[in-house]
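Visitor: A single structure is presented below for examination.
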Amino acid sequence: MASVHGVVDRFRSVASRMAQRIESGDRIVFLGNLVGGVPGGEASDVGATIDMALRLRRAAISRWDARACDVVFLRGAQEEMWGKIDQLHFATNPREVLRWMLHRGVGATIAAYGGQESIAEGLRAVGDGPMAIARWTSVLRAAVRARPGHAEFHAAVRRAVQAADAGPLFFNHGIDLDRPLAAQTDAFWWGAATEVGDLGWPWDGIRRLVRGFDRTRPGLADGRFTLTLDGGCGYGGPLLAALLDADGALIDSLRA
């Protein structure tokens, strides 16, 4: 599943079709940026989006032969920024950090748990010091815990996932081609991605790289060693999902 950016109507359409097609042995990978939004873009409902993702997960793992690990949520820039909100009182320049993140869409996730007024409250808090910031973030944490499954979702996002040794690698956005897989740190969601999209050889012995966000929004870009899924959901483009085989080869795709 490509980046959703909280656009729940598109997500609902794709998720319902996915639920109807799940078969024994299938696994679902959300490629990051499930939450957040696009400033000036499509309306985002992060709370409803997470609820829908959790319902799809329940449908997938309720099969008799399924396992909890059959559904994976990956970390994108949006999930990373939301995680940083909880550490904002430690920042050297919290006002600048918060404004930087708001400019990149974290406001939609803040609003999901505190309403639109919580954004203004956060901007006031960063001007009043660490104690005020900590009080603001504690209210957001309580709101997260009040929604069933949301705290568990935010705690469960992974950096990347690989299907098997040398099998397809799934991640959000970029890879530092000069570093091995174990040393990527935050390159998966902040790193440059142009090289990934144009890659003409297996990287680090991995046969297939699959990602769900590209700032150029190329749609479904199926290369020999890479697959990008990003139709621009949140920016006015469609939400994409793909059905892959065990080697990462494209079998079918969905869009809404």
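Visitor: So, R0 is 25 Å and r is the distance between the beta-carbons of residue 21 and residue 178; what FRET efficiency does that work out to, to 0.05?
Guide: Here the calculated transfer efficiency is 0.05.
Visitor: While we're here: Find the Cα radius of gyration of the chain, compare it with 2.2 N^0.38 Å by division, and give the number to two decimals.
Guide: Taking the Cα Rg and dividing by 2.2 N^0.38 Å, one obtains 1.00.
Visitor: I've got another one for you. Which value results when the Cα radius of gyration for region 1-107 is divided by 2.2 N^0.38 Å?
Guide: Rounded to two decimals, the normalised Rg is 1.22.
Visitor: How large is the helix-only mean residue ellipticity at 222 nm for the chain, computed as the sum of -39500 (n - 2.57) over DSSP H runs with n ≥ 4, divided by its residue count, in deg cm²/dmol to the nearest 500?
Guide: It comes out at -11500 deg cm²/dmol, rounded to the nearest 500.
Visitor: Relative contact order, percent, of region 77-155 when contacts are C-alpha pairs under 8 Å separated by at least 6 residues?
Guide: 31
Visitor: Which percent, nearest 5, of DSSP beta bridges in the chain are antiparallel?
Guide: 55
Visitor: Subtract the Cα-Cα distance of residue 146 and residue 95 from 0.36 nm times their separation in residues, and report this length gain in nm to one decimal.
Guide: In short, 15.6 nm is gained.
Visitor: Same structure, new question: So for the chain, taking the charge dipole from beta-carbon charges (+1 Lys/Arg, -1 Asp/Glu), which of 48, 24, 184 sits furthest toward the positive end?
Guide: Most positive-ward Cα: 48.
Visitor: Further question: Each residue of region 242-248 in order: what ³J(HN,Hα) in whole Hz does its phi give by Karplus 6.51 cos²θ - 1.76 cosθ + 1.60, θ = phi - 60°, with x for Gly and Pro?
Guide: Karplus values, whole Hz, x for Gly and Pro: 9, 9, 10, 8, 5, 8, x.
Visitor: Quick one: 3J(HN,Hα) in Hz for region 172-188, Karplus 6.51/-1.76/1.60 with θ = phi - 60°, rounded, Gly and Pro as x.
Guide: Rounded to whole hertz, the list is 7, 9, x, 9, 8, 5, 8, 10, x, 4, 5, 10, 6, 6, 8, 5, 4.
Visitor: Once amide H atoms are placed 1.01 Å from N in the peptide plane, what residues at a sequence separation of 5 or more from residue 253, or on another chain, have their amide H within under 5 Å of its amide H?
Guide: HN-HN under 5 Å from residue 253: 243.
Visitor: Can you tell me the length gained on complete extension of the stretch residue 68 to residue 123, counting 0.36 nm per residue apart and subtracting the Cα distance?
Guide: Answer, rounded to one decimal: 15.9 nm.
Visitor: On to the next question. Which of the three applies to region 77-155, rounded, prolate or oblate, going by the alpha-carbon gyration tensor with a ≥ b ≥ c and a/c under 1.5 meaning rounded?
Guide: It comes out prolate by the Cα gyration axes.
Visitor: Take the alpha-carbon centre of region 174-214, take the same for region 38-72, and report the distance between them in whole Å.
Guide: 25
Visitor: Can you quote the Å³ per residue value for the convex hull of the Cα atoms in region 61-100, rounded to an integer?
Guide: Output value, Cα hull per residue: 81 Å³.
Visitor: Also: How long is the gain from residue 131 to residue 55 if the chain were fully straight, where each residue apart is worth 0.36 nm and the alpha carbon distance is subtracted?
Guide: That pair, residue 131 and residue 55, stretches by 23.7 nm at full extension.
Visitor: Moving to a separate point now. Membrane-span-like helices in the chain: DSSP H runs reaching 15 Å or more (Cα, own axis), mean Kyte hydropathy at least -1.0?
Guide: TM-like helix candidates: 8-21, 46-61, 117-128, 130-146.
Coordinate-derived values only; no laboratory data. No experiment lies behind these values; they were computed from the predicted model shown. Quick reminder, even Gly has a Cβ in these numbers, built from the backbone with ideal geometry, and neighbours come from all protein chains shown.
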